[in-house]
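Colleague: Just passing along the structure, written as structure tokens.
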Amino acid sequence: TEIEPNLVSIDAVDPVLKEASTSEGIMLHSSMMTDLIQMIADSRSANMGLYISSGYRSFDDQIKALLRLGGDETVATLPGQSQHHTGLAIDFTSDEIEMTVGMNQGFETSEAGIWLAENGWKYGFVQSYTKNHDGVQNEPWHYYYVGKTYARIWHDSQMTDHPRDIFEILNQINSPEG
């Protein structure tokens, strides 16, 4: 398979993550584990039914996801273009919406979805498919781990008259003029 060396199975990392997973074998990048464990634990302390639905996807898994969605590139990217290939992207769900993921499922209005939108940045997670980023429809359940420093910059940007996309921020920071 195409497993990257920095990917770990969340089932094996911590019981909190195993309990918060909707299926066995979800792989994520090891760099996010401490922040993810804390975020899930804090969501449980707040009585939120926040769950991890998917993480890393191989090219073959991305082809299957795209085909399952009728080949619509506005709801799933082509293989090689998915943020899920990095292991840093997570699709979340909630027990309030019966662990479903997708358009019109209501994650953004669930208590867990609202909690995540308000608090995810504190743990380094930001919504990355907003404003039709990369031509993909807004996905309020899809979060990308950028670490706490960059997430704070993104969050502060959202509080202005000109909120910025996380990748616009990262590109500016990493440019020679940044």
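The values are calculated or read from the model by the stated rules, or taken from the named source; none is laboratory data. Note that this is a predicted model, so its numbers are computed, not measured. Backbone-built Cβ (ideal geometry, glycine too); neighbour counts: all protein chains shown. Please note that ligands, DNA and RNA were not included when accessible areas were found on the heavy atoms of the full protein model with its side chains. Shrake-Rupley method; radii C 1.70, N 1.55, O 1.52, S 1.80 Å.
Colleague: What are the ³J(HN,Hα) couplings of the stretch 24-39, residue after residue, when phi is run through the Karplus curve with 6.51, -1.76, 1.60 and θ = phi - 60°? Round to Hz, x for glycine and proline.
Modeller: Each residue's phi maps through the Karplus curve to give 6, x, 5, 9, 9, 5, 4, 5, 9, 4, 4, 5, 5, 4, 5, 5 Hz.
Colleague: Now for a separate question. Rounded to a whole number of µm²/s, how large is the Stokes-Einstein D of the chain at 4 °C and 1.567 mPa s, given Rh as the Kirkwood radius over C-alpha pairs? Kindly include the intermediate steps, with their values, before the conclusion.
Modeller: Working: Rh = 16.5 Å.
Stokes-Einstein gives a translational diffusion coefficient of 78 µm²/s.
Colleague: Among all stretches of the chain without exposed GluC sites (Glu not before Pro) (DSSP loop, at most 12 other Cβ atoms within 10 Å), which one is longest? Walk me through the numbers before you get to the answer.
Modeller: Working: sites that count: 2, 24, 98, 177.
Counting at most 12 other Cβ atoms within 10 Å as exposed, the longest clean stretch of the chain is 99-176.
Colleague: Run the numbers for residue 18 and residue 164: contour at 0.36 nm per residue of separation, minus the present Cα-Cα distance, in nm. Please report the intermediate quantities before stating the final value.
Modeller: Numbers: separation 146, 0.36 × 146 = 52.56 nm, distance 3.34 nm.
Once the chain is fully extended between residue 18 and residue 164, it gains 49.2 nm.
Colleague: As a test of the formula, what do you get for the chain when each DSSP H run with n ≥ 4 contributes -39,500 (n - 2.57) and the sum is divided by the residue count, at 222 nm and rounded to the nearest 500 deg cm²/dmol?
Modeller: Working: 7 runs with 61 residues, N = 178.
Helices in the chain give a 222 nm mean residue ellipticity of -9500 deg cm²/dmol.
Colleague: Return a whole-number percent for the relative contact order of the chain, with Cα pairs under 8 Å and 6 or more residues apart as the contact set. Could the numbers behind the result be given before it?
Modeller: Details: 286 pairs, mean separation 30.3, N = 178.
Across the chain, relative contact order equals 17 percent.
Colleague: Could you tell me the accessible area of residue 86 in Å² (1.4 Å probe, neighbours in place), rounded to the nearest ten?
Modeller: 50 Å²
Colleague: Quick check: residue separation of residue 108 and residue 63 times 0.36 nm, minus the Cα distance between them. What number comes out in nm? Write out the running numbers ahead of the final one.
Modeller: Details: separation 45, 0.36 × 45 = 16.20 nm, distance 2.60 nm.
Once the chain is fully extended between residue 108 and residue 63, it gains 13.6 nm.
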